[in-house]
Amino acid sequence: MNASPPRFLCAVAMIAVLPAPADAGAPAGRYVVASGETGNRTVYDTKTKLTWQQTVSSTSYSWADAKTYCAGVGASLGGTGWRLPTCKELQTIVDDSWIAPAIDPNAFPSTPVTWFWSSSPVVGSPSIAWGVYFYFGYTGFYDTTNTYHVRCVR
């Protein structure tokens, strides 16, 4: 009698984390970091025309609190229109040439290797929302009461 294969297979791989080559990362000129006080800088993405919060808060937030946080971050970053990014917008700053975190460290230094909320709810499930995990840069969805990091955009 043949045993049927398991319904779910997991692959385990050993990954050596090596420094990225000197030419890895976003093309020169992709990100423009605004001058200013460390912690209150912004990053303009010349490709998407979005402006990002450079340094993220050390606090993690529920999904509702993340949206409130971004709406009020203009006091420290300047300007109006700050909000929680959509999942697609957040994926635009994932840089597959980097790992742990999968983001350009020159434009976004000290990015925690963790989940970040997006403003995108899971269709049909208002209590579940999408996020991006910046260890590898992949997406997933979680209950909105969980707490994760936030990087605001305008």
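The values are calculated or read from the model by the stated rules, or taken from the named source; none is laboratory data. Since we're looking at a predicted model, the values are computed, not measured. Reconstructed Cβ throughout: ideal geometry from the backbone, glycine too, with neighbour counts over all protein chains shown.
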Long-range neighbours under 6 Å by Cβ, at least six apart or interchain, first residue in a strand (DSSP E or B) within segment 105-129, second of a type in the set (Lys, Arg): PHE116/ARG151
Candidate set from segment 46-62 (those that are within 14 Å of the chain's Cα centre (by Cα) and at pLDDT 95 or above); member that is surrounded by the fewest Cβ atoms within 10 Å (Cβ to Cβ): LEU50
Cβ pairs under 7 Å, 6+ apart, first in segment 11-40 and within 30 Å of SER76 (Cβ to Cβ), second at pLDDT 50 or above and of a type in the set (Asp, Glu): GLY25/ASP95; GLY25/ASP104; ALA26/ASP95; ALA26/ASP104; ARG30/ASP45; TYR31/ASP45; TYR31/ASP104
Qualifying residue in segment 60-81 (condition: in contact with a His (Cβ under 9 Å, 6 or more places away or on another chain), assigned to a loop (DSSP other than H, G, I, E, B), touching a residue at least 60 places away in the same chain (Cβ under 8 Å) and under 15 Å from THR147 (Cα atoms)): yes
Subset of segment 101-154 (residues that are surrounded by fewer than 15 Cβ atoms within 10 Å (Cβ to Cβ), small (Gly, Ala, Ser), within 23 Å of THR55 (Cβ to Cβ) and at pLDDT 95 or above): none
